[in-house]
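The values are calculated or read from the model by the stated rules, or taken from the named source; none is laboratory data. Being a predicted model, the structure only gives us computed values, none of them experimental. Counting neighbours? That spans all protein chains shown, and the Cβs are built from the backbone with ideal geometry, glycine included. The area values use the complete protein model at the heavy-atom level, side chains included, leaving out ligands, DNA and RNA. Shrake-Rupley method; radii C 1.70, N 1.55, O 1.52, S 1.80 Å.
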Amino acid sequence: MKIIATNIGEPREIRYKNKNVTTGIFKFPVDFPVFLDVEKVKNDAICDTKWHGGILQAVYGYSAKHYDFWKPKFPDLDWQFGIFGENLTIEDLDETKIHVGDTFKVGEAILEATLQRNPCHKLGVRFDNMKIVKQFWNTTFCGVYFKVIQTGYVKVGDEFELLQTNPVNPTIADLYHKEKLEKGITNEN
């Protein structure tokens, strides 16, 4: 697997339900290496530190292959990598095969898979369509949060290499499915 895009964003104020909200979901590809630090990607906006950033959610990765699934559902969007708020767009990231604790070497950094990404209204704002939130829940295409074990620079074209797998642990998709059940989200909701 390779890094297809490195994406960062600046804080942006949006209007949602008659309130001003600041978000960092508007990420766009950059043509320079990004530094994966202990609690976030350097120079990337993290506006809601309860749900993003921090040691267990320092880097968000999303699969470039998932874009093929989503593009026909939202054909009028200006599709660019980073639209899901991911820092790293990775060639073929499969949440059903990545286990909590799996470690990866990418560029100068070493990452450990920690959590799934749960969608919220900000994804709907980014897509200018709230339907994406329910549709996102109804897939296993949640993306992966990573802990940074070794900090370092990552650039487009770097290999995303599995160093160690932990098959006794749940997969990221398992965590996502469990979260969906706990929240009472069904395909009919």
**Asked** For the range 159-183, how many residues are open to solvent by less than 60 Å² (accessible area, probe 1.4 Å), part of a loop (DSSP other than H, G, I, E, B) and at pLDDT below 95?
**Response** 0
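Pull up the range 70-100, narrow it to residues that are assigned to a loop (DSSP other than H, G, I, E, B) and among the aliphatic types (A, V, I, L, M), then point me to the one that is farthest from residue 127 (Cα to Cα). Show your work before the answer.
First, pick out the residues of the range 70-100 that are assigned to a loop (DSSP other than H, G, I, E, B): 74-87, 91-98, 100.
Filter once more, so that each one left must be among the aliphatic types (A, V, I, L, M): 77, 83, 93, 98, 100.
Details: 77: 7, 83: 8, 93: 21, 98: 27, 100: 29 Å.
Out of the qualifying residues, it is 100.
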**Request:** Please state which of the following conditions residue 106 fails to meet, knowing it meets all the rest: (1) among the hydrophobic types (A, V, I, L, M, F, W, C); (2) over 20 Å from residue 8 (Cα atoms); (3) out of contact with any helix residue (DSSP H, G or I) (no Cβ under 6 Å at 6 or more places or on another chain); (4) open to solvent by less than 10 Å² (accessible area, probe 1.4 Å).
**Result:** (2)
**Request:** Could you please give the count of residues in the range 137-158 that are of a type in the set (A, V, I, L, M, F, W, C), at pLDDT 95 or above and open to solvent by less than 60 Å² (accessible area, probe 1.4 Å)?
**Result:** 6
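Residues are listed down the side, and each one gets a yes or a no for (1) touching a residue at least 24 places away in the same chain (Cβ under 8 Å); (2) touching a strand residue (DSSP E or B) at 6+ places or on another chain (Cβ under 7 Å):
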position: 6; (1), (2): yes, yes
position: 20; (1), (2): no, yes
position: 26; (1), (2): yes, yes
position: 31; (1), (2): yes, no
position: 38; (1), (2): yes, yes
position: 47; (1), (2): yes, yes
position: 52; (1), (2): yes, no
**Item:** Conditions (1) part of a loop (DSSP other than H, G, I, E, B); (2) crowded, with 18+ Cβ neighbours inside 10 Å; number of the one not met by residue 186
**Value:** (2)
**Message:** Go through (1) in contact (Cβ under 8 Å) with a residue 24 or more places away in the chain; (2) part of a helix (DSSP H, G or I) for residue 156 and report which single condition fails.
**Reply:** (2)
**Output for the range 55-79, where each listed residue is under 14 Å from the mean Cα position of the chain (by Cα) and of a type outside the set (A, V, I, L, M, F, W, C)** = 57, 60, 61, 62, 63, 65, 66, 67
**Prompt:** touching a His at 6+ places or on another chain (Cβ under 7 Å) and surrounded by 15 or more Cβ atoms within 10 Å (Cβ to Cβ) - does that describe any residue in the range 44-57?
**Reply:** yes
**Item:** Given (1) open to solvent by 40 Å² or more (accessible area, probe 1.4 Å); (2) assigned to a helix (DSSP H, G or I); (3) not polar (S, T, N, Q), index of the condition residue 67 fails
**Value:** (1)
**Asked** Does residue 91 satisfy being among the charged types (D, E, K, R), open to solvent by less than 30 Å² (accessible area, probe 1.4 Å), in contact with a helix residue (DSSP H, G or I) (Cβ under 9 Å, 6 or more places away or on another chain) and in contact (Cβ under 8 Å) with a residue 40 or more places away in the chain?
**Response** no
**Message:** Condition first: of a type in the set (Phe, Trp, Tyr) and assigned to a strand (DSSP E or B). Now tell me which residues in the range 1-28 satisfy that.
**Reply:** 16, 28
**Fill in**
Within the range 115-136, the residues that are crowded, with 20+ Cβ neighbours inside 10 Å and in contact (Cβ under 8 Å) with a residue 40 or more places away in the chain are 116, 117, 122, 123, 125, 126, 127, 132
